[in-house]
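The values are calculated or read from the model by the stated rules, or taken from the named source; none is laboratory data. In this text the structure is predicted, and so the values were computed from the model without any measurement. Note: ideal-geometry Cβ built from the backbone for every residue, glycine included; neighbour counts use all protein chains shown.
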Amino acid sequence: MTGLEAHGLSYSYGKKKALEDVSFSVSSGAFCALLGPNGAGKSTLFNLLTRLFVAPEGRIVIAGHDLRSNPRAALAELGIVFQQTTLDLDLTVQQNLNYFAALHGLSGRNARSRIDAALDQLDMRERAGEKARALNGGHRRRTEIARALLHDPSILLLDEPTVGLDAAARASITDYAHALAEQGKTILWATHLTDEVRSEDDLIVLHCAHVLAQGKARDIAGDQPLQDRFLAMTGEDA
Amino acid sequence: MTAYLTSMRAIVLREALRFIHQRERFIAALVRPLVWLLVFAAGFRAALGLSIIPPYQTYITYETYIVPGLCGMILLFNGMQSSLSLVYDREMGSMKLLLTSPLPRGWLLFCKLLGSTAISILQVYAFLAIAAVFDIRMPAWGYVTALPALLVAGLMLGALGLLLSSFIKQLENFAGVMNFVIFPMFFLSSALYPLWKMAESSELLHDICAVNPFTHAVELIRFALYAELNPSALGWTLLAAAIFAAAALIGYDPARTRIGRRG
């Protein structure tokens, strides 16, 4: 069963092509890294996958739901962590999660128990009453991941979620996302850092609006370290 | 249905919480019309003679005349302020959260509109209370019958703000809104002077005032404050609200816009 499919996506900003005929699929329960240098088109792709933009060409299928013809069912299956923080910094962690739960129609006891469970999972329970502004970068990210999981989506999209984090927070969030995939969530993890990709992960390499390669990370890397292979593919100097 | 009501409650509550966190905004929103009422109107009282026009049945002071216009001013400024906060939300990314919710986008934007209008109305009542302290009073029933008029006028001006927010690309462009929307709308209306006065100076300006939806919003409030209905003002205000809301929906249609491009 396929978790996430994209067929023939193209998108341009005026004359500049951000994506051209991009197709890929991510199997259900896989951790798939979307690797590309800055400006490759990753954020545009995320905007299309989350329906912030609609591609004039191509098709997106999320957990079996066509995003164009059935956007609400498709969006209900998506948990999203945007690159830029989307927490309301003046609200507490709990209030941020309450707000998001309500945007998904969850309220009352159901919302409370889901919020508690999500906070427990990410070790954020004791910070529930703190304002988002008081949290460090790592804790803000954890809050956002907890929030993205509240409605129990089958697919989690994370757009460069480790940007600006220190090494320990980066490792911990990367490990957690891999653990989620082992529990059956489909993960699409956009990054430009090869050390966040494990050899057994699925990998899509995006560069200059095109998919350059798709497969298991170890197969794409071949006999070289992934970092070297990636730099060679994208024409950047090591 | 519960999902719709749950989301409405949360969005309105969030607007309220944001408002509580920005007390300066509340004070600024009150000081502006109070300065007009207590300083400007006092100075102009002698300069402007007003005849008896509906809904007034006796001669009124200039202060009494401009109260509905100042109620409209609060709604106008708040409508634009909420447009500013929508652009801010978009720059900060929290708009993305709203727009990627599985509930219909039109509903979510309506809730946002309702939340900001509810807060505007609270400010209008705070303003009316202070005006009453200074002995500028409306008939007691007027305070009740004004509520639906304030709601309709507030939704119309909020929808205009929503529409503008879908076109304003960056926060910095907001000064343009001030110059090209707020000031012309306010001054080219019946808020500060009755339209017949304007006609004495210029027919053209009078005609512009007469088609300005803000004029109709102010007249709707003016009549409602005297427990009277002005059907044509209601009709024009509703029509303008429908047009602004429909255009805003088009502005926020993901197939047409690039909401979220930034960040």
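Just checking, which of B:S101, B:S120 is crowded, with 24+ Cβ neighbours inside 10 Å and either at pLDDT 90 or above or more than 17 Å from the chain's Cα centre (by Cα) (or both)? It would help to see each step written out before you state the result.
Working: B:S101 fails: crowded, with 24+ Cβ neighbours inside 10 Å.
Going through B:S101, B:S120 in turn, the sole match is B:S120.
Tell me yes or no: at least one residue of segment B:7-22 is touching a Ser or Thr at 6+ places or on another chain (Cβ under 6 Å), assigned to a helix (DSSP H, G or I), surrounded by 15 or more Cβ atoms within 10 Å (Cβ to Cβ) and within 14 Å of another protein chain (Cβ to nearest Cβ). It would help to see each step written out before you state the result.
Let us first name the residues in segment B:7-22 that are touching a Ser or Thr at 6+ places or on another chain (Cβ under 6 Å), namely B:15.
In the following step, the residues that additionally are assigned to a helix (DSSP H, G or I) were identified as B:15.
Next cut, surrounded by 15 or more Cβ atoms within 10 Å (Cβ to Cβ) only: B:15.
Now narrow it down to the ones that are within 14 Å of another protein chain (Cβ to nearest Cβ): B:15.
Yes, segment B:7-22 contains a residue that is touching a Ser or Thr at 6+ places or on another chain (Cβ under 6 Å), assigned to a helix (DSSP H, G or I), surrounded by 15 or more Cβ atoms within 10 Å (Cβ to Cβ) and within 14 Å of another protein chain (Cβ to nearest Cβ).
Against the conditions (1) assigned to a strand (DSSP E or B); (2) without any contact (Cβ under 8 Å) to a residue 60 or more places away in the chain, where does A:I187 fall short? Just the number, please.
All conditions are met except number (2).
What about A:T162, is it without any contact (Cβ under 8 Å) to a residue 40 or more places away in the chain, surrounded by 22 or more Cβ atoms within 10 Å (Cβ to Cβ) and under 14 Å from the mean Cα position of the chain (by Cα)?
Numbers: without any contact (Cβ under 8 Å) to a residue 40 or more places away in the chain: yes; surrounded by 22 or more Cβ atoms within 10 Å (Cβ to Cβ): yes; under 14 Å from the mean Cα position of the chain (by Cα): yes.
In short, yes.
What tally of residues in segment A:81-104 results from selecting those that are over 22 Å from B:R18 (Cβ atoms) and either at pLDDT 90 or above or assigned to a strand (DSSP E or B) (or both)? Give the derivation first.
Going residue by residue through segment A:81-104, those that are over 22 Å from B:R18 (Cβ atoms) are A:81, A:83.
Cutting the leftovers down to either at pLDDT 90 or above or assigned to a strand (DSSP E or B) (or both) gives us A:81.
Total meeting the criteria: 1.
Taking the stated definitions as given, is A:A55 in contact with a Cys (Cβ under 8 Å, 6 or more places away or on another chain), surrounded by 22 or more Cβ atoms within 10 Å (Cβ to Cβ), assigned to a loop (DSSP other than H, G, I, E, B) and not assigned by TED's automatic domain parsing to the domain that holds A:R142?
Working: in contact with a Cys (Cβ under 8 Å, 6 or more places away or on another chain): no; surrounded by 22 or more Cβ atoms within 10 Å (Cβ to Cβ): yes; assigned to a loop (DSSP other than H, G, I, E, B): yes; not assigned by TED's automatic domain parsing to the domain that holds A:R142: yes.
Answer is no for this residue.
With respect to A:R142, determine if the residue is more than 22 Å from A:L52 (Cβ to Cβ), in the same structural domain as A:Y99 (by TED's automatic domain parsing), buried (at least 19 other Cβ atoms within 10 Å of the Cβ) and under 14 Å from the mean Cα position of the chain (by Cα). Break it down stepwise before answering.
Numbers: more than 22 Å from A:L52 (Cβ to Cβ): yes; in the same structural domain as A:Y99 (by TED's automatic domain parsing): yes; buried (at least 19 other Cβ atoms within 10 Å of the Cβ): yes; under 14 Å from the mean Cα position of the chain (by Cα): yes.
For A:R142, the condition - more than 22 Å from A:L52 (Cβ to Cβ), in the same structural domain as A:Y99 (by TED's automatic domain parsing), buried (at least 19 other Cβ atoms within 10 Å of the Cβ) and under 14 Å from the mean Cα position of the chain (by Cα) - is met.
Among the residues of segment A:79-93, which ones are more than 7 Å from chain B (Cβ to nearest Cβ) and of a type in the set (A, V, I, L, M, F, W, C)?
A:V81, A:L87, A:L89, A:V93
What residue, of A:E182, A:E130, is farther than 26 Å from B:A3 by Cβ and touching a Phe, Trp or Tyr at 6+ places or on another chain (Cβ under 9 Å)? Give the derivation first.
On the way: A:E130 fails: touching a Phe, Trp or Tyr at 6+ places or on another chain (Cβ under 9 Å).
Within the list A:E182, A:E130, the selection yields A:E182.
Would it be correct to say that B:G106 is surrounded by fewer than 22 Cβ atoms within 10 Å (Cβ to Cβ) and either closer than 27 Å to B:L192 by Cβ or over 11 Å from the mean Cα position of the chain (by Cα) (or both)? Lay out the reasoning, then the answer.
Details: surrounded by fewer than 22 Cβ atoms within 10 Å (Cβ to Cβ): yes; either closer than 27 Å to B:L192 by Cβ or over 11 Å from the mean Cα position of the chain (by Cα) (or both): yes.
Answer is yes for this residue.
Consider A:I115 against the criteria (1) assigned to a helix (DSSP H, G or I); (2) within 11 Å of chain B (Cβ to nearest Cβ); (3) hydrophobic (A, V, I, L, M, F, W, C); (4) over 15 Å from the mean Cα position of the chain (by Cα): it satisfies all of them except one. Which criterion is unmet?
Result: A:I115 passes all but (2).
Out of all the residues in segment A:120-141, is one or more assigned to a loop (DSSP other than H, G, I, E, B), in contact (Cβ under 8 Å) with a residue 40 or more places away in the chain, among the hydrophobic types (A, V, I, L, M, F, W, C) and at the interface with chain B (Cβ under 10 Å from one of its Cβ atoms)? Break it down stepwise before answering.
Initially, segment A:120-141 is screened for residues assigned to a loop (DSSP other than H, G, I, E, B), giving A:122-124, A:128-130, A:135-136.
After this cut, where a residue has to be in contact (Cβ under 8 Å) with a residue 40 or more places away in the chain as well, the list is A:122, A:135.
Now drop any that are not among the hydrophobic types (A, V, I, L, M, F, W, C), which leaves A:122, A:135.
Narrowing the set further to residues that are at the interface with chain B (Cβ under 10 Å from one of its Cβ atoms) leaves none.
No; the residues of segment A:120-141 include none that is assigned to a loop (DSSP other than H, G, I, E, B), in contact (Cβ under 8 Å) with a residue 40 or more places away in the chain, among the hydrophobic types (A, V, I, L, M, F, W, C) and at the interface with chain B (Cβ under 10 Å from one of its Cβ atoms).
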